Amino acid sequence: MYKNIFGQEKVTNILQNEISFSPPTLAHSMIFHGNHYTGKLSAALETARLINCTREKADNCTCSNCVAIRNLTFNGLVILSRRNYYYEIIETLSCYRQKKLPHLRDKLYRAIRLSFTPLQDFLIENTPMADSDKKQLQTLGSKFADFIDKPEYTSTELEDIEKGATFFLNLYKNKNIPVNVIRNMLDWSYMTLPEGKKVVIIDNVDQLETSSENVLLKRLEEPSDDLYFILLAENNSRVLQTIKSRCRAYYFKDLSNEAKNNVLQNIYLQNDPNIYSSIYEYFHQKDPILPGNLKAKVDKLINLVFQKNVNFSELYLFIESEKNKEILLGITKELYSVISNEISLYENKNTQTEYFSLRSFPLKFLREIEKDLKLRIERTSALNLTPKTQLEGILYPIKEMILHANR
């Protein structure tokens, strides 16, 4: 059990014991919480398999339920998600093109299936999806159906996979699961399966809108013997308290360096895994919002704001030119990180810095900026505010103050 989960022995041992007891003591409503790429989704899928295994729950069990759940085709499994697998697919494609190993093929298959599964017809009924997107989804579905189960993919099929990943990248820009998807899932949850238990996995439950939380809460208050909910959250403190009170929580810690290297070396064939600080950094190395990829933009922004000889219009044009909300939020977070680091250096009387323009301002002033940035980042995430407005709200007054003081 749980042999495919790396570095989470404590939590998987607890789950294994709860499943193995006679009768099982596994809760019907659970929250798996922890940072990204800590194994929450893989553990949820393995839990679904073990709940429905008709044999001895072996890791390599070939009963029909286990096979169907591994292939993500089990009728009793519903996954609600707006997770973007684009960067994971791109890096796995790169590995697979070098060596067509079966386990890499399986990783591609899984990521594609996980992209499609939340968009089943009965789940997206009456949801705000453009007709053009629905048509493209049907076209991709038909194309993938022709080859997705093949033991090896051709170069043309790999190109189709990459195009499909790009489609989902654009489709899943809004990470909130629509409330009608939650409602459609609830209608399904009252159905009776001829065999097995129903399992609902809801990803990023900490990002649900209030209306979706309330609909979900109603179902959690009506437990069923044949239904399990596994909720996934990166920030458990953001999950509605009344939802948490009805769920048993399981914490997935950050992977140790050894566990991270094990994954990158043995699965993704990386000869020097230490160049990546995390699995997230490996997958998202081409992601424009990765902190390292934002450095040039943040450096320029700091100069535009804090250098006294730069006029306001240059700052305005810089912010106006960036239309991507995720990049703007990433810039805000990285700016916060830079300011916090500068404060730490300042307090320790360390004169080494990349940002001399910041050192001309008092420590108290930098602390006020840090506090304001932190608050705006939290509000942007919690209240789904516009990152551009939040960035303007803090930087424009600072720039005006600096220009005014320079007169």
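Could you please report the charge total around Lys99, scoring K, R as +1 and D, E as -1 over all other residues with beta-carbon less than 13 angstrom from its beta-carbon?
In short, +3.
Based on the mean of other Cβ atoms within 10 Å per residue, sort peptides 108-114, 55-61, 71-77 so the most packed one is first.
108-114, 71-77, 55-61
Mind sorting Leu231, Leu363, Leu140 by how few other Cβ atoms lie within 10 Å of their own Cβ, fewest first?
Final ranking by Cβ density, sparse to dense: Leu363, Leu140, Leu231.
Over the chain, what is the relative contact order in percent, taking alpha-carbon pairs closer than 8 angstrom and at least six residues apart?
Normalised by residue count, the contact order of the chain is 20 percent.
Among Ile90, Thr332, Leu385, whose Cα lies farthest out toward the positive end of the dipole of the chain, if unit charges sit on the beta carbon of Lys, Arg (+1) and Asp, Glu (-1)?
Checking the options against the dipole of the chain, the answer is Thr332.
Can you give me the distance in nm between label points at Ser224 and Ser22, each placed 7 Å from the Cα along the Cα-to-Cβ direction?
Inter-label distance under the simple model: 2.8 nm.
Pulled fully out, how much extra length does the chain show between Lys253 and Lys163, if you take 0.36 nm times their separation in residues and subtract their Cα-Cα distance?
Result for the pair: 29.0 nm of gain on full extension.
In debye to the nearest 20, how big a dipole does segment 1-67 give about its Cα centre with +1 on each Lys and Arg Cβ and -1 on each Asp and Glu Cβ?
60 debye
At Arg379 and Phe361, where each label point lies 7 Å from the Cα along Cα→Cβ, what is the point-to-point distance in nanometres?
Going from the Arg379 label point to the Phe361 one covers 1.8 nm.
For an R0 of 35 angstrom, estimate the FRET efficiency from the Cβ-Cβ distance between Glu322 and Gln98 and round to the nearest 0.05.
Plugging the Cβ-Cβ distance into 1/(1 + (r/R0)^6) gives 0.50.
Relative to the Cα centre, what is the charge dipole magnitude of the chain, using +1 at the beta carbon of each Lys and Arg, -1 at the beta carbon of each Asp and Glu, and rounding to the nearest 20 debye?
With only Lys, Arg, Asp and Glu charged at Cβ, the dipole is about 500 debye.
Pull out the extension gain between Leu345 and Lys371, defined as 0.36 nm times the separation in residues minus the alpha carbon to alpha carbon distance; nm, one decimal.
Contour length minus Cα-Cα distance gives 7.7 nm.
Summing +1 for each Lys or Arg and -1 for each Asp or Glu, what net charge is found among the other residues whose Cβ lies under 13 Å from the Cβ of Phe252?
-1
Fewest Cβ neighbours within 10 Å first, please rank Phe229, Phe122, Phe306 accordingly.
With the fewest neighbours first, Phe229, Phe122, Phe306 line up as Phe122, Phe306, Phe229.
Normalised by the residues of segment 327-407, what does the relative contact order come to in percent, with Cα pairs under 8 Å and at least six apart?
Across segment 327-407, relative contact order equals 38 percent.
Among (1) 80, 49, 43; (2) 79, 49, 46; (3) 77, 44, 36, find the value of Cα extents along the principal axes in Å that was calculated from the structure presented, and write down its label.
So the calculated entry is the one marked (2).
When Lys and Arg each count +1 and Asp and Glu each count -1, what net charge do the other residues less than 13 Å away from Leu220, Cβ to Cβ, add up to?
Around Leu220, the surrounding residues sum to +2.
Greater than 24 Å separation of Cα atoms is the criterion. Which listed pairs, Lys143/Lys197; Lys57/Lys218; Lys300/Lys323, meet it?
In this structure, Lys143/Lys197; Lys57/Lys218 lie more than 24 Å apart at Cα.
Before rounding to the nearest 500, sum -39500 (n - 2.57) across all DSSP H runs of length at least 4 in the chain and divide by the residue total; then give [θ] at 222 nm in deg cm²/dmol.
Computed ellipticity for the chain at 222 nm equals -17500 deg cm²/dmol.
Calculate, for Leu186 and Arg113, the FRET efficiency according to 1/(1 + (r/R0)^6) with r their C-beta to C-beta distance and R0 30 Å; round to the nearest 0.05.
0.85
If neighbour count is taken as other Cβ atoms inside 10 Å, put Tyr346, Tyr86 in order from fewest to most.
Ascending Cβ contact count within 10 Å gives the list Tyr346, Tyr86.
Cut-off under 20 Å on the C-alpha distance; same-chain residues fewer than 8 positions from Lys349 excluded. Which lysines are left, in chain and number order?
Candidates past the 8-residue exclusion: Lys364.
FYI, it's all coordinate maths here, none of it is from the lab. Values in this document were obtained by computation on a predicted structure and should not be read as measured data. Because the Cβ atoms are built from the backbone with ideal geometry, glycine has one as well, and the counts that use them run over all protein chains shown.
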